[in-house]
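**Student:** One structure coming up, written as structure tokens, with questions to follow.
The values are calculated or read from the model by the stated rules, or taken from the named source; none is laboratory data. What you are looking at is a predicted structure, and each value in this text was computed from that prediction instead of being measured. Cβ sites come from the backbone with ideal geometry, for glycine too, and all protein chains shown count toward neighbours. The accessibility values were calculated without ligands, DNA or RNA, using every heavy atom of the protein model including side chains. Shrake-Rupley method; radii C 1.70, N 1.55, O 1.52, S 1.80 Å.
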Amino acid sequence: MARDSCSWDLAESAVQAGATRLLLWGPPGVGKSRWALDVLSGGRQHPPVRVYLNQDLTAQELLGHWVPQGQEFRWHHGPVAWAWLYGTGLVVDEIGRASGPVLDLMLAVLDDQETARLVLPSGEEIRPSLGFAAICTSNNPPDDLDPALVDRFDVILHVPSPHPALIARLNGALQGLGNVVCDSYKDPERAISPRRALVFARFVKAQVPAEAAAKLAFGERAEDVLAALRLGGTRL
Amino acid sequence: MRDPRRKPAPSAVAPARYQVGAPPLGALGASSWHPAGEGSFAAPLGDSPQELAVRVHEYGHLHALRRKLHPNKPDAVLKELKRLEACTPRAPILVQAAVDCYIHGLLQDVGLGASVSALPVRPPQTEDAFDVVRALLQSKGTDVAHSRLRTAREALPTPVFDVARRVRDTLFRKGLDRKRLTARHLAHILAPLLLLLESPDEADQKMAEAVSLCFGDKGEGSVGWGECEILSAPLAAPRRVRPTRGFRSGYVGVPVFWARFPPAGDGAVFRSRRPTLGGTVLIDVSGSMCLTQEDVERIVAAAPGAVVAVYASYSGFRRGAVTIVAKGGRVADIPAALAKYGVGNVVDGPALEWLGRQSGPRTWVSDGDVTGVGDSIHPALYLDAIRLCRKYGIRRVEPKRDDKGRLVLEV
């Protein structure tokens with residue numbers, strides 16, 4: 001289990017080597033979920049299912065629940081049960097923000113392929129189909145999670161910097177922008193958010209003057225970021 | 001933003017983890033960067049144009065450090081200045097100001113000239129020439145550039161002002177062109193200015209001015225000294241070595257100073273002549289000196305007891321020679337010795353090296369112009385000559401002529 005800083009290349013190799021339970025953690029906006037969706041889209045019949053966890057989300061919403069239909073109640077599979085049954089990818093965002101019951105449910109969801117099984121309130125017993133894989137993301141290190149849950153991941157990766165594809169996208173939007181954003185992540189406390197950078201590039205493309213675009217996108221940091229971009233060779 | 005320390009973006013300029021904090025006492029800002037380690041970024045974190053200008057200035061330094069555009073530490077420049085005999089106690093201040101000037105050119109090039117223009121450059125103490133030059137260099141590219149230039153023009157002697165302005169423009173242009181400023185080159189640019197500022201000696205000033213004239217067009221190439229031979233002409237004719245007029249008290253000679261008789265005195269009652277001043281005189285007999293045979297003979301006569309040698313180029317402009325024309329009580333046939341010389345200098349450096357190995361006091365009779373192979377001028381040759389003069393304690397004496405056209409040496 002690689003818990004130290006590692007590169008995106010390592011994540012790619014883990015997936016290629018057959019890892020099906022991954023936890024990616026790192027600063028926001030580096031492309032964790034995007035990468036997870038891309039990885040889990042390949043070679044499967046259905047697109048991956050994505051769920052955003054938060055304190056208000058209940059285990060029933062993920063697993064399934066009864067819904068009234070006319071004079072009777074009908075069982076409705078939640079996204080997790082659906083992903084199990086159809087063998088699709090499951091992207092679980094912000095696992096660190098989930099409520100206790102949801103984290104307890106995740107113990108079963110992320111269990112080994114061979115032993116994992118759940119009995120639904122409908123009486124149906126489900127098992128993860130072949131092809132099921134889950135990638136969870138978090139902004140915080142996994143230290144806050146239950147050790148039993150942490151143990152269920154094949155791989156835990158720290159991704160401290162933006163994905164190369166995201167950097168290329170930023171560079172495509174504005175020459176040198178991606179490189180500057182990537183460099184800024186060496187100091188995570190003062191990193192330039194790729195999302196903000198994309199907004200900035202969009203405004204510049206829309207003929208908004210660079211100073212105004214920077215003010216809109218980066219707020220108080222506008223002048224500092226603009227100076228860094230100009231020194232980094234970004235044409236404005 | 002809750003924590004203002006999260007505002008600057010130094011890692012976007014030079015990737016590293018930074019310690020961000022307030023500037024050190026007495027400085028506007030400071031920054032350091034190392035690719036493998038932590039960096040530091042100390043600058044004001046407010047929103048005023050002045051505070052932003054300091055931060056942008058520091059970003060400029062970080063960018064230059066990352067791209068290796070200017071020396072990482074002043075030590076390398078100081079070492080080079082030491083080699084050029086131009087490292088003075090206050091040199092580090094001028095090195096920093098020079099690098100700041102270069103950074104302002106660089107920031108101008110990337111469109112950040114307006115951001116850095118509000119930089120609050122500390123006003124100079126006008127009675128301190130060194131501080132005036134510091135402010136002149138640091139203010140280039142800022143709003144106060146014109147006022148600092150005016151102050152410098154009023155406060156500095158004209159040659160110093162001319163060289164300082166030339167240094168400032170050279171450094172700023174280098175930044176603007178994004179040319180790499182090596183420690184060696186920076187030292188060569190600063191050396192004449194430092195020599196002018198630290199040495200009131202007129203001779204050095206003239207040579208430093210000559211160096212400054214070579215900035216830009218000839219500052220980058222390299223020219224060496226010509227090949228030098230040490231010849232000794234037959235010292236045939238006798239030479240009148242006059243005794244000195246001065247006397248001194250001592251323990252040998254004629255008893256004269258009775259007041260020093262013991263036990264009240266120190267016992268040095270005897271009088272003896274002071275020894276005739278020896279030393280070595282080296283005369284540049286190249287074309288620019290316009291010395292005649294009589295002039296050389298006059299110099300030889302004016303330096304009784306000294307070893308006298310002449311030097312210049314001969315057989316073209318690739319080689320030259322030093323010829324000893326007077327030593328001890330003998331003198332050579334001076335017209336014959338001068339006959340073989342050409343009009344070029346070519347071997348000033350090796351000749352000064354020779355002079356450095358002779359007994360002192362060492363005097364170099366020269367107009368201060370030095371040339372290398374091909375009789376070409378180059379700042380490095382001037383600096384080498386200055387370095388040799390400083391190293392060996394050589395005093396340069398420039399010959400002048402009186403109203404009647406006679407040679408006058410202000411020894």
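**Student:** Before I look further, what does the stretch B:77-161 give for accessible area per residue, probe 1.4 Å, in whole square angstrom?
**Tutor:** Numbers: 3480 Å² over 85 residues.
It amounts to 41 Å² per residue over the stretch B:77-161.
**Student:** Averaged over its residues, how many other protein chain Cβ atoms are within 10 Å of peptide A:178-188's Cβ atoms? Write out the running numbers ahead of the final one.
**Tutor:** On the way: counts 0, 2, 5, 1, 2, 9, 6, 3, 10, 15, 2.
For this peptide, the per-residue mean of nearby foreign Cβ atoms is 5.
**Student:** In 10 Å bins starting at zero, report the fraction of Cα pairs in chain B per bin as a rounded %.
**Tutor:** 5, 19, 23, 17, 14, 11, 7, 3, 1, 0
**Student:** Still on this structure, please answer the following. Just tell me which aspartates and glutamates come within less than 17 Å, Cα to Cα, of residue B:82; anything on the same chain fewer than 8 places away is out.
**Tutor:** B:198, B:204, B:384
**Student:** What's the carbon and sulfur percent of the protein assembly as shown's accessible surface, probe 1.4 angstrom, rounded to a whole number? Spell out each step's value before the answer.
**Tutor:** Working: 15750 of 30410 Å².
In the protein assembly as shown, the share of accessible area belonging to carbon and sulfur is 52 percent.
**Student:** I'd like the mean, over residues of B:56-65, of how many other protein chain beta carbons sit within 10 Å of each residue's own Cβ.
**Tutor:** Values: counts 7, 1, 1, 6, 2, 0, 2, 6, 1, 0.
Going residue by residue through B:56-65 and averaging, the value is 3.
**Student:** Ignoring solvent entirely, what values of log10 I(q)/I(0) come out of the Debye formula for the protein assembly as shown at 0.09, 0.12 Å⁻¹ when each Cα is a single scatterer?
**Tutor:** Reported log10 I(q)/I(0), two decimals: -0.87, -1.16.
**Student:** Given the C-alpha atoms of the stretch B:1-90, compute the convex hull and give its volume per residue in Å³. Before the final figure, lay out each step's value.
**Tutor:** On the way: hull volume 10.4 nm³, N = 90.
For the stretch B:1-90, the hull spanned by Cα atoms encloses 116 Å³ per residue.
**Student:** Do any residues of the stretch B:1-34 show a loss of at least 50 square angstrom of accessible area between the isolated chain and the full protein assembly, using a 1.4 Å probe, and if so which?
**Tutor:** B:1, B:6, B:7, B:11, B:12, B:17
**Student:** Hey, how much of the P(r) for the stretch A:43-133 falls beyond 20 Å, as a percent of Cα pairs?
**Tutor:** Values: 1445 of 4095 pairs.
When all Cα pairs of the stretch A:43-133 are counted, 35 percent exceed 20 Å.
**Student:** Have a look at B:398, B:127, B:227 and tell me which one the Gaussian network model of chain B (Cα, springs below 10 Å) gives the largest fluctuation.
**Tutor:** For chain B, modelled as a Gaussian network with Cα springs under 10 Å, the answer is B:127.
**Student:** How much accessible area per residue does chain A have, in Å², with a 1.4 Å probe?
**Tutor:** Working: 11310 Å² over 236 residues.
That works out to 48 Å² per residue.
**Student:** Also, quick follow-up: Over chain A, what is the relative contact order in whole percent, taking alpha-carbon pairs under 8 Å and six or more residues apart?
**Tutor:** Details: 402 pairs, mean separation 59.1, N = 236.
Here the relative contact order equals 25 percent.
**Student:** Mind checking B:46-52 for the average number of partner chain beta-carbons within 10 Å of each residue's beta-carbon? Kindly include the intermediate steps, with their values, before the conclusion.
**Tutor:** Numbers: counts 0, 2, 0, 1, 0, 1, 3.
Neighbouring Cβ atoms belonging to other protein chains average 1 per residue here.
**Student:** Can you give me the relative contact order of chain B as a percent, contacts being Cα pairs under 8 Å and 6 or more apart? Let's see the in-between values first.
**Tutor:** On the way: 814 pairs, mean separation 52.0, N = 411.
About 13 percent, as a whole number.
**Student:** Semi-axes, largest first, in whole Å: what does sqrt of 5 times each Cα gyration tensor eigenvalue give for the stretch B:258-411? Let's see the in-between values first.
**Tutor:** Details: eigenvalues 247, 66, 40 Å².
Rounded to whole Å, the semi-axes are 35, 18, 14.
**Student:** Taking only Cα atoms and a 10 Å spring cutoff, compute GNM fluctuations for chain B and point out the largest among B:265, B:368, B:224.
**Tutor:** B:265
**Student:** How big is the Rg/Rh ratio for the stretch B:82-179, C-alpha atoms only, Rh by Kirkwood, two decimals?
**Tutor:** Rounded to two decimals, Rg over Rh is 0.97.
**Student:** Provide a list, ordered by number, of residues in the stretch B:99-128 showing at least 10 Å² less accessible area with every protein chain present than when their chain is taken on its own, using a 1.4 Å probe.
**Tutor:** With the partner chains in place, the stretch B:99-128 has these residues losing at least 10 Å²: B:110, B:111, B:112.
**Student:** By the gyration tensor of its Cα atoms, with a ≥ b ≥ c the square roots of the eigenvalues, what is the shape of the stretch B:86-131: rounded for a/c under 1.5, prolate for a/b over b/c, or oblate? Please report the intermediate quantities before stating the final value.
**Tutor:** On the way: a/c = 4.19, a/b = 1.70, b/c = 2.47.
Note, shape of the stretch B:86-131 comes out oblate.
**Student:** So, one more: From the gyration tensor of the Cα coordinates in the stretch A:134-173, what semi-axes in whole Å does the equivalent ellipsoid have, largest first, with each one equal to sqrt(5λ)?
**Tutor:** Semi-axes (√(5λ), whole Å): 29, 10, 7.
**Student:** Now a separate question. Keeping all protein chains in the complex and leaving out DNA, RNA and ligands, what accessible area do you get for residue B:7 with a 1.4 Å probe, in Å² to the nearest 10?
**Tutor:** Accessible area of residue B:7: about 10 Å².
**Student:** Roughly what % antiparallel, to the nearest 5, for the DSSP beta bridges in the protein assembly as shown? If you can, show how the numbers build up before the last one.
**Tutor:** Details: 29 of 70 bridges.
So the antiparallel bridges in the protein assembly as shown amount to around 40 percent.
**Student:** How big is the charge dipole of chain A about its Cα centre, in debye rounded to the nearest 20, if each Lys and Arg gets +1 on its Cβ and each Asp and Glu gets -1 on its Cβ? Spell out each step's value before the answer.
**Tutor:** Details: 22 positive and 27 negative charges, 231 e Å.
Result for chain A is approximately 1120 debye, rounded to the nearest 20.
**Student:** For the interface of chains B and A, what total accessible area is buried with a 1.4 Å probe, rounded to the nearest 100 Å²?
**Tutor:** Details: alone 20060 and 12400 Å², together 30410 Å².
Buried surface at the B/A interface: approximately 2100 Å².
**Student:** Rolling a 1.4 angstrom probe over the protein chains, ignoring ligands and nucleic acids, what is the accessible area of residue A:75 in square angstrom, nearest 10?
**Tutor:** My reading of the accessible area for residue A:75 is about 40 Å².
**Student:** Any idea which of B:322, B:388, B:359 is furthest toward the positive side of the dipole for the stretch B:283-411, if Lys and Arg beta-carbons carry +1 and Asp and Glu beta-carbons -1?
**Tutor:** B:359
**Student:** Something else about it: By how many degrees, 0 to 90 and rounded to 10, does the Cα axis of helix B:91-109 deviate from the longest principal axis of chain B?
**Tutor:** 50 degrees
**Student:** Continuing with this model, one more query. With just the Cα atoms of the stretch A:1-160, tell me how far they stretch along each of the three principal axes, in Å, largest first.
**Tutor:** 55, 32, 28
**Student:** Continuing with this model, one more query. Run through the DSSP bridge list for chain A and note the antiparallel percent, rounded to the nearest 5. Can you show the working numbers first?
**Tutor:** On the way: 8 of 26 bridges.
DSSP beta bridges in chain A are roughly 30 percent antiparallel.
**Student:** When all protein chains stay in place, what accessible area (Å², nearest 10, 1.4 Å probe) is found for residue B:228?
**Tutor:** Solvent-accessible area, nearest 10 Å²: 40 Å².
**Student:** Quick one: compute the contact order of the stretch A:1-128, relative version, from alpha carbon pairs under 8 angstrom and 6+ residues apart, as a percent.
**Tutor:** 23 percent
**Student:** While we're here: Per residue, how much accessible surface does the stretch B:297-356 expose to a 1.4 Å probe? Answer in Å², no decimals.
**Tutor:** On the way: 1980 Å² over 60 residues.
Per-residue value: 33 Å².
**Student:** Can you tell me which of A:8-17, B:299-308 comes out highest on packing, and rank the rest after it, using the mean Cβ neighbours within 10 Å? Mind dumping the intermediate values first?
**Tutor:** Working: A:8-17: 14.7, B:299-308: 19.7.
Descending mean neighbour count gives B:299-308, A:8-17.
**Student:** Next up: Give me the residues in the stretch A:215-236 whose solvent-accessible area, probe 1.4 Å, is reduced by at least 30 Å² once all protein chains are included instead of the chain isolated.
**Tutor:** A:220, A:221, A:223, A:224, A:227, A:228, A:230, A:231
**Student:** Rounded to the nearest 10 degrees, what's the angle between the helix B:158-176 long axis and the longest principal axis of chain B, both from Cα atoms, 0 to 90?
**Tutor:** Here the helix axis deviates by roughly 40 degrees.
**Student:** Put +1 on the Cβ of every Lys and Arg and -1 on every Asp and Glu Cβ in the protein assembly as shown; which of B:378, B:123, B:305 then has its Cα farthest towards the positive end of the dipole?
**Tutor:** B:305
**Student:** Over the Cα atoms of the stretch A:128-236, Rg to Rh with Kirkwood Rh, two decimal places?
**Tutor:** Details: Rg = 17.8 Å, Rh = 15.8 Å.
Reported Rg/Rh, Kirkwood definition of Rh: 1.12.
**Student:** Something else now. Hey, what number do you get for chain B at 222 nm if only DSSP H runs of n ≥ 4 count, each worth -39500 (n - 2.57), divided across all residues, to the nearest 500? Please report the intermediate quantities before stating the final value.
**Tutor:** Values: 14 runs with 164 residues, N = 411.
About -12500 deg cm²/dmol.
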